[in-house]
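Report on one structure; see the data block that follows.
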Amino acid sequence: MTQAIVLRYLLISFVPLESQRAFLRVAVSSTPASSKTRLRAMTTTPSPTPLGLLQLPAELRNRIYEDVLTVAPTSRLRYRDDHRSSSDTPSELCAKDERGFNQLKKVCRQLHAETVHLEIKYNDAVFAGERAEGSMPPGRLLRLFLANLDSFAVAWLSTVILEADYVTDDLESIEPLAYFCRKNPHVVMKYICKEFRFHRKKDEEPATSYRHILHFLDIGTQLSFLFRCRSPHLILPGTHAQQLRDHTETMYSGSFNAVAARLEQTPNLRFWPNEEPMTDEVTGFLSYRIGNIGWTRRATARALEAAKEWTENGI
């Protein structure tokens, strides 16, 4: 079956008229001149059946579903929380607009049966915590989503991304996430802390301020201590490490030890900085700046080794 016929089935079967026009503008602009007239004529022909798509072979339908339900490279599939919203729309996965991304499941009963939750098979699912008052941390958003996810669809999940400025979920929220990851080892869960970085902003040069670098090292060391039982003294020099350890134990009253022990058995849940893997150039720059703080060469090497590990493999 040619691409033109597949396009016709797509257009006449389930795509709204307004979306058809937008899609055709793109299709016609990228079609050879010799085919444009035939394409325009063909797509203006009325549909003899309302759901011609369902008459296609299953293998071809699945290929169409994958194309339709894969987000553009510049977009992301993001969970929109409407529990605190005045909107009447349900909480669901969306792309750039605020409309549910998977509209196929709303067309008819058979398309719903064939495509419900299917978008998570082809895309990473992003759960982003917001700064707005009353917003939920990303881990709780994910738990809401999973509570409404049919059990068969869990096998389709591949990469789940949690985003917040810092780890805003409390330890009681982290533990169910770890349990889910242990039960589903095929799922990769990344908790990205947007303020866990040594660049001032994305795509800028590394920060020239010692404060940014120390902030990055402090966050990484604290996360390593909280969730991987790694002593701050393995990363930071003596006095600095002890101060951070005392501060962390005061904040969490030691209750993180049991959670950290279970996280040791959960390699598919990791906490990530908002940084790309460190290049040799960045490593050299950080080495120079850390050395100027007054740390010994050995302490500088330990800190750099930890930073490199965090950016490449998470915590």
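Restricting attention to region 150-187, which residues are assigned to a strand (DSSP E or B) and either crowded, with 18+ Cβ neighbours inside 10 Å or without any contact (Cβ under 8 Å) to a residue 24 or more places away in the chain (or both)?
Val160, Ile161, Leu162, Glu163, Ala164
Pull up region 276-315, narrow it to residues that are among the aromatic types (Phe, Trp, Tyr) and closer than 21 Å to Ala241 by Cβ, then point me to the one that is farthest from the chain's Cα centre (by Cα). Working first, answer last.
Within region 276-315, the first condition is being among the aromatic types (Phe, Trp, Tyr), and the residues that meet it are 285, 288, 295, 310.
Filter once more, keeping what is closer than 21 Å to Ala241 by Cβ: 295, 310.
Working: Trp295: 36, Trp310: 17 Å.
Filtering first and then ranking leaves Trp295.
Show the residue pairs that are 6+ apart or on different chains and have beta-carbon atoms under 7 Å apart, the first residue being within region 265-293 and in contact (Cβ under 8 Å) with a residue 24 or more places away in the chain, the second being acidic (Asp, Glu).
Every condition considered, the pairs that remain are Pro277/Glu312.
May I ask you to verify whether Leu236 is within 31 Å of the chain's Cα centre (by Cα) and assigned to a helix (DSSP H, G or I)? Write out each step before concluding.
Values: within 31 Å of the chain's Cα centre (by Cα): yes; assigned to a helix (DSSP H, G or I): no.
The answer is no for Leu236.
Anything in region 115-138 that is under 17 Å from Phe180 (Cβ atoms), in contact (Cβ under 8 Å) with a residue 40 or more places away in the chain and not aromatic (Phe, Trp, Tyr)? List them, or say none. Talk me through it step by step, then tell me what you get.
The initial filter retains those residues of region 115-138 that are under 17 Å from Phe180 (Cβ atoms), namely 117, 120, 124-127, 136-138.
Then keep just the ones that are in contact (Cβ under 8 Å) with a residue 40 or more places away in the chain; that gives 120, 124-127, 136, 138.
Correct list: Ile120, Asp124, Ala125, Val126, Met136, Pro138.
Do you know which of the residues in region 223-243 that are surrounded by fewer than 20 Cβ atoms within 10 Å (Cβ to Cβ) and touching a residue at least 24 places away in the same chain (Cβ under 8 Å) is farthest from Gly314 (Cα to Cα)?
Pro237
Every read-out reported here was derived from the displayed coordinates using simple, explicitly stated rules and does not represent laboratory data. Every value quoted in this text rests on a predicted model; they were computed, and no experiment measured them. FYI the Cβ positions are ideal-geometry reconstructions off the backbone, even for glycines, and counts take in every protein chain you see.
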